[in-house]
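The values are calculated or read from the model by the stated rules, or taken from the named source; none is laboratory data. If you're wondering where the values come from, they're calculated on a predicted model, not measured in any experiment. Using ideal geometry, Cβ is built from the backbone for each residue, glycine included, and neighbour counts are taken over all protein chains shown. Calculation scope for accessible area: heavy atoms of the full protein, side chains included, ligands and nucleic acids excluded. Shrake-Rupley method; radii C 1.70, N 1.55, O 1.52, S 1.80 Å.
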Amino acid sequence: GWEWGTVARVLVLPILNESPHTRAGEEVRGALTSELQRLGRWEVIAAAPDDRAVLAAQIHRNGRFDEAAMLLLAQGTGADVIVHGIVTQYSPAGYGRPRLGLI
């Protein structure tokens with residue numbers, strides 16, 4: 001029974017980076033945030049990359065996320081949806097095709 005029509009605010013957490021490309025998390029987060037804003041369907045807020053980056057790391061552990069931490073974060077920011085992720089592989093456009101692996 002999930003209804004996207006009831007979503008008013010989307011919070012995008014810092015994207016963690018496990019790839020060798022040092023700025024992959026920031027680049028992916030920027031692109032994702034821009035695309036969500038471009039859709040114009042929701043208010044999109046990007047969490048400041050201060051203590052939220054640590055929180056993002058704590059939320060995702062061993063392939064699972066901490067639901068209680070996500071609920072507290074949603075309540076504190078007024079978010080209906082929280083986007084968080086990890087870049088596992090990143091190869092920007094260059095000589096070959098760009099590649100992106102996400103969790």
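Looking at the range 20-35, which of its residues are within 11 Å of the chain's Cα centre (by Cα) and closer than 16 Å to residue 9 by Cα?
Scanning the range 20-35 gives 32, 33.
I need the full set of residues from the range 1-24 which are in a loop (DSSP other than H, G, I, E, B) and either under 19 Å from residue 65 (Cβ atoms) or among the basic types (Lys, Arg) (or both), in order please. Explain how you work it out, then say what you get.
Quick first cut of the range 1-24, residues in a loop (DSSP other than H, G, I, E, B) only: 1-3, 7-8, 13-15, 18-23.
Passing the criteria: 2, 7, 13, 14, 15, 18, 23.
Mind counting the residues in the range 1-34 that are out of contact with any Pro (no Cβ under 9 Å at 6 or more places or on another chain) and open to solvent by less than 90 Å² (accessible area, probe 1.4 Å)?
18
Condition first: at pLDDT below 90, on the phi < 0 side of the Ramachandran plot and not basic (Lys, Arg). Can you find one or more residues in the range 31-46 that meet it? Step through it out loud before you land on a result.
Initial filter on the range 31-46 (at pLDDT below 90): 46.
In the following step, the residues that additionally are on the phi < 0 side of the Ramachandran plot were identified as 46.
Next, from what is left, pick out any that are not basic (Lys, Arg): 46.
Yes - at least one qualifying residue is present in the range 31-46.
Rundown of residues vs (1) at pLDDT below 85; (2) among the acidic types (Asp, Glu); (3) open to solvent by 40 Å² or more (accessible area, probe 1.4 Å); (4) outside any strand (DSSP E or B), yes/no style:
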{"residue": "68", "(1), (2), (3), (4)": "yes, no, yes, yes"}
{"residue": "76", "(1), (2), (3), (4)": "no, no, yes, yes"}
{"residue": "79", "(1), (2), (3), (4)": "no, no, no, yes"}
{"residue": "89", "(1), (2), (3), (4)": "no, no, yes, no"}
{"residue": "93", "(1), (2), (3), (4)": "yes, no, yes, yes"}
{"residue": "97", "(1), (2), (3), (4)": "yes, no, yes, yes"}
